[in-house]
Amino acid sequence: MVKSNSSGDRMVKIVSYTVVTVLMLSCLLPLIHTLALSLSDKSAAASGMVTLWPVRPSNSAYKAILGDKQFFLSFKNSIVRILLGGALNIFFTVTMAFPLSRSKRLFPQRNIYMWFLIFTMLFSGGIIPMYLLIYRLKLMDSIWALVLPSAVPVYNVILLMNYFRGVPRELDEAARLDGAGPLRTMLQVFVPVSMPCIATITLFSIVGHWNAFFDGAIYINTQAKVPLQTYIQQLVVDMRASSVMSKEELAILAEISGKSFNAAKVIVTMLPVLLVYPFLQKYFVHGIVLGSVKG
(Lines give C-alpha, C1' and ligand atoms only; values in the text may rest on other atoms or scores of the structure.)
Protein backbone atom coordinates (compact mmCIF):
# COMPACT_ATOMS: atom_id res chain seq x y z
CA MET A 1 0.00 0.00 0.00
CA VAL A 2 2.86 2.32 0.83
CA LYS A 3 4.56 1.45 -2.46
CA SER A 4 1.34 2.23 -4.32
CA ASN A 5 1.06 5.66 -2.70
CA SER A 6 4.74 6.34 -3.36
CA SER A 7 4.44 5.45 -7.04
CA GLY A 8 1.25 7.50 -7.30
CA ASP A 9 2.95 10.55 -5.79
CA ARG A 10 5.88 10.09 -8.16
CA MET A 11 3.52 9.95 -11.14
CA VAL A 12 1.73 13.11 -9.99
CA LYS A 13 5.07 14.92 -9.73
CA ILE A 14 6.12 13.74 -13.19
CA VAL A 15 2.86 14.90 -14.74
CA SER A 16 3.01 18.22 -12.85
CA TYR A 17 6.59 18.93 -13.92
CA THR A 18 5.78 17.97 -17.49
CA VAL A 19 2.79 20.32 -17.64
CA VAL A 20 4.75 23.17 -16.05
CA THR A 21 7.65 22.62 -18.46
CA VAL A 22 5.34 22.66 -21.48
CA LEU A 23 3.68 25.86 -20.27
CA MET A 24 7.06 27.46 -19.60
CA LEU A 25 8.31 26.58 -23.08
CA SER A 26 5.10 27.84 -24.67
CA CYS A 27 5.83 31.24 -23.09
CA LEU A 28 9.61 31.24 -23.52
CA LEU A 29 10.06 29.92 -27.06
CA PRO A 30 8.15 32.77 -28.77
CA LEU A 31 10.35 35.28 -26.94
CA ILE A 32 13.51 33.43 -27.98
CA HIS A 33 12.27 33.33 -31.58
CA THR A 34 11.51 37.06 -31.48
CA LEU A 35 14.98 37.82 -30.13
CA ALA A 36 16.60 35.64 -32.80
CA LEU A 37 14.52 37.31 -35.50
CA SER A 38 15.55 40.77 -34.32
CA LEU A 39 19.24 39.80 -34.57
CA SER A 40 19.06 38.20 -38.02
CA ASP A 41 19.86 39.92 -41.30
CA LYS A 42 17.31 41.07 -43.85
CA SER A 43 17.29 38.10 -46.20
CA ALA A 44 17.19 35.45 -43.47
CA ALA A 45 14.31 37.13 -41.64
CA ALA A 46 12.32 37.77 -44.81
CA SER A 47 12.72 34.21 -46.09
CA GLY A 48 11.59 32.59 -42.82
CA MET A 49 14.90 30.87 -42.10
CA VAL A 50 15.06 32.03 -38.46
CA THR A 51 13.89 29.67 -35.71
CA LEU A 52 15.49 29.90 -32.25
CA TRP A 53 18.94 31.14 -33.26
CA PRO A 54 19.95 34.22 -35.30
CA VAL A 55 20.84 33.53 -38.93
CA ARG A 56 23.69 35.69 -40.20
CA PRO A 57 23.59 37.90 -37.08
CA SER A 58 23.03 41.61 -37.59
CA ASN A 59 22.18 44.45 -35.22
CA SER A 60 20.86 46.74 -37.94
CA ALA A 61 17.32 46.72 -36.53
CA TYR A 62 18.55 47.95 -33.15
CA LYS A 63 20.73 50.57 -34.80
CA ALA A 64 17.68 51.91 -36.62
CA ILE A 65 15.82 52.31 -33.32
CA LEU A 66 18.60 53.35 -30.94
CA GLY A 67 20.39 55.57 -33.44
CA ASP A 68 17.54 58.06 -33.37
CA LYS A 69 17.48 60.93 -30.84
CA GLN A 70 13.69 60.79 -30.85
CA PHE A 71 13.87 57.28 -29.37
CA PHE A 72 15.60 58.52 -26.22
CA LEU A 73 13.32 61.56 -26.01
CA SER A 74 10.25 59.31 -26.20
CA PHE A 75 11.83 56.97 -23.67
CA LYS A 76 12.15 59.90 -21.25
CA ASN A 77 8.52 60.84 -21.91
CA SER A 78 7.43 57.31 -21.01
CA ILE A 79 9.46 57.38 -17.78
CA VAL A 80 7.83 60.68 -16.82
CA ARG A 81 4.44 59.20 -17.63
CA ILE A 82 5.10 56.15 -15.45
CA LEU A 83 6.27 58.25 -12.49
CA LEU A 84 3.46 60.79 -12.68
CA GLY A 85 0.70 58.39 -13.72
CA GLY A 86 1.81 55.72 -11.28
CA ALA A 87 1.87 58.19 -8.39
CA LEU A 88 -1.65 59.36 -9.25
CA ASN A 89 -2.88 55.76 -9.55
CA ILE A 90 -1.51 54.74 -6.15
CA PHE A 91 -2.72 57.92 -4.44
CA PHE A 92 -6.30 57.66 -5.68
CA THR A 93 -6.41 53.88 -5.31
CA VAL A 94 -5.38 53.97 -1.65
CA THR A 95 -7.50 56.99 -0.71
CA MET A 96 -10.60 55.49 -2.38
CA ALA A 97 -10.10 51.89 -1.28
CA PHE A 98 -9.77 52.73 2.42
CA PRO A 99 -13.14 54.46 2.95
CA LEU A 100 -14.89 51.92 0.72
CA SER A 101 -13.52 49.14 2.91
CA ARG A 102 -15.30 50.60 5.96
CA SER A 103 -18.57 49.14 7.19
CA LYS A 104 -21.90 50.83 6.48
CA ARG A 105 -21.98 51.93 10.10
CA LEU A 106 -18.84 54.01 9.59
CA PHE A 107 -19.60 54.97 5.97
CA PRO A 108 -23.38 54.87 5.33
CA GLN A 109 -23.06 55.97 1.67
CA ARG A 110 -20.59 53.22 0.84
CA ASN A 111 -22.90 51.22 -1.46
CA ILE A 112 -23.79 54.31 -3.51
CA TYR A 113 -20.14 54.95 -4.33
CA MET A 114 -19.54 51.26 -5.00
CA TRP A 115 -22.34 51.09 -7.56
CA PHE A 116 -20.98 54.22 -9.19
CA LEU A 117 -17.55 52.60 -9.54
CA ILE A 118 -19.00 49.35 -10.87
CA PHE A 119 -21.00 51.32 -13.44
CA THR A 120 -17.82 52.95 -14.78
CA MET A 121 -16.25 49.50 -15.18
CA LEU A 122 -19.19 48.21 -17.24
CA PHE A 123 -19.96 51.27 -19.36
CA SER A 124 -17.80 53.85 -21.09
CA GLY A 125 -18.63 57.04 -22.97
CA GLY A 126 -16.36 56.03 -25.83
CA ILE A 127 -13.37 57.55 -27.58
CA ILE A 128 -15.11 60.56 -29.15
CA PRO A 129 -16.63 61.94 -25.89
CA MET A 130 -13.30 61.37 -24.16
CA TYR A 131 -11.46 63.21 -26.92
CA LEU A 132 -13.91 66.13 -26.75
CA LEU A 133 -13.52 66.25 -22.96
CA ILE A 134 -9.72 66.34 -23.17
CA TYR A 135 -9.94 69.00 -25.88
CA ARG A 136 -12.33 71.26 -23.96
CA LEU A 137 -10.29 70.93 -20.78
CA LYS A 138 -7.32 72.18 -22.84
CA LEU A 139 -5.24 69.13 -21.96
CA MET A 140 -4.33 68.27 -25.55
CA ASP A 141 -0.65 67.82 -26.30
CA SER A 142 0.29 67.55 -22.63
CA ILE A 143 1.31 64.78 -20.26
CA TRP A 144 -1.94 65.30 -18.35
CA ALA A 145 -3.94 63.99 -21.29
CA LEU A 146 -2.12 60.68 -20.84
CA VAL A 147 -2.36 60.27 -17.06
CA LEU A 148 -5.60 61.92 -15.90
CA PRO A 149 -8.12 59.74 -17.83
CA SER A 150 -6.68 56.64 -16.14
CA ALA A 151 -5.94 58.26 -12.76
CA VAL A 152 -8.53 56.10 -10.95
CA PRO A 153 -8.14 52.43 -11.95
CA VAL A 154 -11.39 50.97 -10.64
CA TYR A 155 -10.20 47.36 -10.79
CA ASN A 156 -7.23 48.22 -8.58
CA VAL A 157 -9.50 50.11 -6.17
CA ILE A 158 -11.70 47.04 -5.73
CA LEU A 159 -8.68 44.79 -5.36
CA LEU A 160 -7.14 46.94 -2.63
CA MET A 161 -10.51 47.52 -0.97
CA ASN A 162 -10.97 43.76 -0.56
CA TYR A 163 -7.46 43.50 0.86
CA PHE A 164 -8.18 46.29 3.37
CA ARG A 165 -11.36 44.50 4.44
CA GLY A 166 -9.24 41.47 5.30
CA VAL A 167 -7.06 43.41 7.75
CA PRO A 168 -7.85 42.22 11.33
CA ARG A 169 -10.42 44.42 13.02
CA GLU A 170 -8.33 44.39 16.18
CA LEU A 171 -5.75 46.62 14.48
CA ASP A 172 -8.42 49.11 13.47
CA GLU A 173 -9.97 49.13 16.94
CA ALA A 174 -6.58 49.53 18.63
CA ALA A 175 -5.79 52.52 16.43
CA ARG A 176 -9.11 54.18 17.30
CA LEU A 177 -8.58 53.54 21.01
CA ASP A 178 -5.20 55.28 20.71
CA GLY A 179 -6.97 58.32 19.29
CA ALA A 180 -5.96 57.84 15.66
CA GLY A 181 -8.24 59.41 13.07
CA PRO A 182 -9.12 57.82 9.70
CA LEU A 183 -6.15 59.35 7.87
CA ARG A 184 -3.62 58.26 10.48
CA THR A 185 -5.20 54.80 10.67
CA MET A 186 -4.93 54.43 6.92
CA LEU A 187 -1.30 55.59 6.70
CA GLN A 188 0.10 53.92 9.83
CA VAL A 189 -1.96 50.72 10.01
CA PHE A 190 -3.57 49.70 6.75
CA VAL A 191 -0.96 50.80 4.22
CA PRO A 192 2.02 49.07 5.92
CA VAL A 193 0.23 45.72 6.27
CA SER A 194 -1.09 45.93 2.70
CA MET A 195 2.24 46.37 0.93
CA PRO A 196 1.94 43.07 -1.02
CA CYS A 197 -1.30 44.23 -2.63
CA ILE A 198 0.00 47.77 -3.16
CA ALA A 199 3.11 46.38 -4.85
CA THR A 200 0.86 44.32 -7.11
CA ILE A 201 -1.27 47.25 -8.23
CA THR A 202 1.91 49.30 -8.66
CA LEU A 203 3.10 46.69 -11.14
CA PHE A 204 -0.27 46.84 -12.92
CA SER A 205 0.04 50.62 -13.14
CA ILE A 206 3.61 50.55 -14.47
CA VAL A 207 2.82 47.98 -17.14
CA GLY A 208 -0.39 49.78 -18.15
CA HIS A 209 1.28 53.15 -18.62
CA TRP A 210 4.33 51.66 -20.31
CA ASN A 211 2.34 49.67 -22.88
CA ALA A 212 -0.22 52.38 -23.72
CA PHE A 213 0.23 53.84 -27.19
CA PHE A 214 -3.21 54.74 -28.55
CA ASP A 215 -3.85 57.70 -26.25
CA GLY A 216 -0.48 59.18 -27.21
CA ALA A 217 -1.43 58.87 -30.87
CA ILE A 218 -4.69 60.81 -30.52
CA TYR A 219 -3.91 63.32 -27.77
CA ILE A 220 -0.29 64.26 -28.50
CA ASN A 221 0.43 66.39 -31.58
CA THR A 222 4.05 67.36 -30.95
CA GLN A 223 6.53 64.66 -31.90
CA ALA A 224 8.88 65.59 -29.06
CA LYS A 225 6.14 64.78 -26.51
CA VAL A 226 5.02 61.34 -27.71
CA PRO A 227 5.67 58.38 -25.36
CA LEU A 228 7.88 55.51 -26.43
CA GLN A 229 5.15 53.05 -27.37
CA THR A 230 3.46 55.63 -29.60
CA TYR A 231 6.77 56.50 -31.23
CA ILE A 232 7.61 52.88 -31.95
CA GLN A 233 4.10 52.22 -33.23
CA GLN A 234 4.50 55.07 -35.69
CA LEU A 235 8.06 54.14 -36.59
CA VAL A 236 7.60 52.69 -40.07
CA VAL A 237 10.41 52.02 -42.53
CA ASP A 238 9.41 54.37 -45.32
CA MET A 239 11.66 54.64 -48.35
CA ARG A 240 9.85 57.83 -49.38
CA ALA A 241 11.70 59.57 -46.51
CA SER A 242 15.09 58.68 -47.94
CA SER A 243 15.64 62.18 -49.28
CA VAL A 244 16.04 63.55 -45.73
CA MET A 245 18.18 60.71 -44.38
CA SER A 246 21.94 60.64 -44.05
CA LYS A 247 24.12 58.09 -45.85
CA GLU A 248 24.55 56.14 -42.60
CA GLU A 249 20.80 56.00 -42.02
CA LEU A 250 20.21 54.86 -45.61
CA ALA A 251 22.80 52.11 -45.19
CA ILE A 252 21.09 50.87 -42.02
CA LEU A 253 17.68 51.12 -43.67
CA ALA A 254 18.80 48.95 -46.57
CA GLU A 255 19.81 46.14 -44.20
CA ILE A 256 16.53 45.97 -42.28
CA SER A 257 13.73 43.49 -42.79
CA GLY A 258 10.26 44.44 -41.66
CA LYS A 259 10.11 41.25 -39.57
CA SER A 260 13.41 41.85 -37.80
CA PHE A 261 12.54 45.51 -37.27
CA ASN A 262 9.20 44.67 -35.64
CA ALA A 263 10.87 41.98 -33.53
CA ALA A 264 13.45 44.49 -32.33
CA LYS A 265 10.66 46.87 -31.33
CA VAL A 266 9.05 44.13 -29.25
CA ILE A 267 12.33 43.33 -27.48
CA VAL A 268 13.18 46.96 -26.74
CA THR A 269 9.76 47.81 -25.33
CA MET A 270 9.52 44.80 -23.03
CA LEU A 271 12.99 45.15 -21.45
CA PRO A 272 12.06 47.81 -18.83
CA VAL A 273 9.12 45.72 -17.60
CA LEU A 274 11.34 42.64 -17.38
CA LEU A 275 13.81 44.64 -15.27
CA VAL A 276 11.12 45.89 -12.87
CA TYR A 277 9.11 42.68 -12.51
CA PRO A 278 11.68 40.62 -10.50
CA PHE A 279 11.64 43.21 -7.69
CA LEU A 280 7.84 43.03 -7.37
CA GLN A 281 7.30 39.37 -8.27
CA LYS A 282 7.52 38.12 -4.68
CA TYR A 283 4.50 40.26 -3.79
CA PHE A 284 2.53 39.51 -6.93
CA VAL A 285 0.88 36.14 -6.25
CA HIS A 286 0.40 36.84 -2.53
CA GLY A 287 -1.18 40.22 -3.12
CA ILE A 288 -3.43 39.26 -6.02
CA VAL A 289 -4.81 36.17 -4.29
CA LEU A 290 -5.56 37.83 -0.95
CA GLY A 291 -6.93 40.95 -2.58
CA SER A 292 -9.34 38.97 -4.73
CA VAL A 293 -10.82 36.57 -2.15
CA LYS A 294 -11.36 38.70 0.92
CA GLY A 295 -15.03 39.58 1.33
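Look at segment 166-196 and say how many of its residues are basic (K, R) and either under 22 Å from I82 (Cα atoms) or touching a helix residue (DSSP H, G or I) at 6+ places or on another chain (Cβ under 9 Å) (or both).
2
Confirm whether G8 is at positive phi and either exposed (fewer than 13 other Cβ atoms within 10 Å of the Cβ) or in contact with a Gly (Cβ under 7 Å, 6 or more places away or on another chain) (or both).
No, not satisfied.
Any residue at all in segment 75-88 that is assigned to a helix (DSSP H, G or I), modelled with pLDDT under 90 and not β-branched (V, I, T)? Walk me through it before giving the result.
Our first condition is that a residue be assigned to a helix (DSSP H, G or I); within segment 75-88, this holds for 75-88.
Within this subset, residues satisfying the condition of being modelled with pLDDT under 90 are 75.
Now narrow it down to the ones that are not β-branched (V, I, T): 75.
Yes, some residue in segment 75-88 is assigned to a helix (DSSP H, G or I), modelled with pLDDT under 90 and not β-branched (V, I, T).
Just give me the residues in segment 207-247 being of a type in the set (S, T, Y), closer than 15 Å to V266 by Cβ and either surrounded by fewer than 16 Cβ atoms within 10 Å (Cβ to Cβ) or modelled with pLDDT of 90 or more (or both), in sequence order. So that I can check it myself, show each step before the final result.
To start, the set of residues in segment 207-247 that are of a type in the set (S, T, Y) comprises 219, 222, 230-231, 242-243, 246.
Cutting the leftovers down to closer than 15 Å to V266 by Cβ gives us 231.
Within segment 207-247, none qualify.
Restricting the search to segment 26-40, which residues are aliphatic (A, V, I, L, M) and surrounded by 15 or more Cβ atoms within 10 Å (Cβ to Cβ)?
L35, A36, L37, L39 - these are the residues of segment 26-40 that are aliphatic (A, V, I, L, M) and surrounded by 15 or more Cβ atoms within 10 Å (Cβ to Cβ).
Restricting attention to helices (runs of 4 or more DSSP H) lying wholly within segment 92-197, give those where 3 or more residues are aliphatic (A, V, I, L, M) and within 21 Å of the chain's Cα centre (by Cα). Break it down stepwise before answering.
Values: elements: 110-122, 127-136, 144-147, 154-165, 169-177, 182-185.
Once the helices (runs of 4 or more DSSP H) in segment 92-197 are filtered for at least 3 residues that are aliphatic (A, V, I, L, M) and within 21 Å of the chain's Cα centre (by Cα), what remains is 144-147, 154-165.
Pick from segment 70-126 the residues that are within 25 Å of R165 (Cβ to Cβ) and among the charged types (D, E, K, R): which of them is surrounded by the fewest Cβ atoms within 10 Å (Cβ to Cβ)? Full working, then the answer.
Residues of segment 70-126 that are within 25 Å of R165 (Cβ to Cβ), as a first pass: 86-122.
Applying the additional criterion that residues be among the charged types (D, E, K, R) yields 102, 104-105, 110.
Numbers: R102: 16, K104: 9, R105: 7, R110: 17.
Ranking the qualifying residues of segment 70-126, first place goes to R105.
Could you tell me whether V15 is free of Cβ contacts under 8 Å to residues at least 60 places away in the same chain and not in a helix (DSSP H, G or I)?
Values: free of Cβ contacts under 8 Å to residues at least 60 places away in the same chain: yes; not in a helix (DSSP H, G or I): no.
No: the conditions fail for V15.
For segment 1-57, which residues satisfy the criterion of being basic (K, R) and modelled with pLDDT of 80 or more?
Step one: of segment 1-57, the residues basic (K, R) are 3, 10, 13, 42, 56.
Those that are basic (K, R) and modelled with pLDDT of 80 or more: R10, K13, R56.
The values are calculated or read from the model by the stated rules, or taken from the named source; none is laboratory data. Note that the structure is predicted; figures quoted are calculated from it, not measured. No Cβ is skipped: glycine too gets one built from the backbone with ideal geometry, and neighbour counts run over all protein chains shown.
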